[in-house]
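The values are calculated or read from the model by the stated rules, or taken from the named source; none is laboratory data. Given the structure is predicted, the values throughout are model-derived calculations rather than measurements. When we count neighbours, we look across all protein chains shown, and the Cβ atoms used for this are built from the backbone with ideal geometry, even at glycine.
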């Protein structure tokens, strides 16, 4: 019997180091908006679900918050913990959120109101090599057979080089949060 193909979480975890190196961090405007809308004053307690390598975690830790971050990928969580060593109030837990022993399940608690969503766009300019390294961290590309993936990335690299050697990648971070009911 053959093993099941890896899911997105396993693919991302297998690319943890590359993901950490080439994926952009979040814009400061996202963190500013969270502080403003949630009226966060340090040290607030924050639960982060799916922290990856800790890119957002570091931004909040640097502002003095206590953070418990839950990450299913062991390699991603290890990198997050390494990056957050300077902040003793940051704890990284290796677990799927659905399996994490949370005393009061946030989803079903009914304790939150006024769900807010906002979008923070920015443009990330990349060379052909930097962009193809970034594409390697996308699970759809990482799950392709190696020969197919390498041929695709070579063509992408050639196309970028043929059009000036740089590509502007439109990025966006979507922020979802809710306020605690009082």
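What number of residues in the range 96-130 are touching a helix residue (DSSP H, G or I) at 6+ places or on another chain (Cβ under 9 Å) and modelled with pLDDT of 75 or more?
Residues in the range 96-130 being touching a helix residue (DSSP H, G or I) at 6+ places or on another chain (Cβ under 9 Å) and modelled with pLDDT of 75 or more: 10 in total.
Tell me which residues, restricted to the range 124-167, are in a strand (DSSP E or B) and under 27 Å from residue 14 (Cα atoms).
Let us first name the residues in the range 124-167 that are in a strand (DSSP E or B), namely 124-127, 166-167.
Result: 124, 125, 126, 127, 167.
Test each condition in (1) in contact with a helix residue (DSSP H, G or I) (Cβ under 9 Å, 6 or more places away or on another chain); (2) at pLDDT below 95; (3) part of a strand (DSSP E or B) for residue 170 and report the one that comes out false.
(1)
I want to confirm something. Restricting to the range 139-162 and keeping residues that are under 24 Å from residue 121 (Cα atoms) and either in contact with a strand residue (DSSP E or B) (Cβ under 7 Å, 6 or more places away or on another chain) or modelled with pLDDT of 95 or more (or both), which single residue is surrounded by the most Cβ atoms within 10 Å (Cβ to Cβ)?
Applying the first criterion (under 24 Å from residue 121 (Cα atoms)) to the range 139-162 yields 139-141, 156, 160.
Those left that are additionally either in contact with a strand residue (DSSP E or B) (Cβ under 7 Å, 6 or more places away or on another chain) or modelled with pLDDT of 95 or more (or both): 156, 160.
Working: 156: 16, 160: 19.
That would be 160.
Do you know which residues across the range 33-62 are surrounded by 21 or more Cβ atoms within 10 Å (Cβ to Cβ), assigned to a loop (DSSP other than H, G, I, E, B) and on the phi < 0 side of the Ramachandran plot?
If the condition is that a residue be surrounded by 21 or more Cβ atoms within 10 Å (Cβ to Cβ), assigned to a loop (DSSP other than H, G, I, E, B) and on the phi < 0 side of the Ramachandran plot, then 51, 53 are the ones that fit.
Any residue at all in the range 63-85 that's under 16 Å from residue 173 (Cα atoms) and loosely packed, with under 15 Cβ neighbours inside 10 Å?
Of the residues in the range 63-85, the ones under 16 Å from residue 173 (Cα atoms) are none.
Scanning the range 63-85, I find no residue that is under 16 Å from residue 173 (Cα atoms) and loosely packed, with under 15 Cβ neighbours inside 10 Å, so the answer is no.
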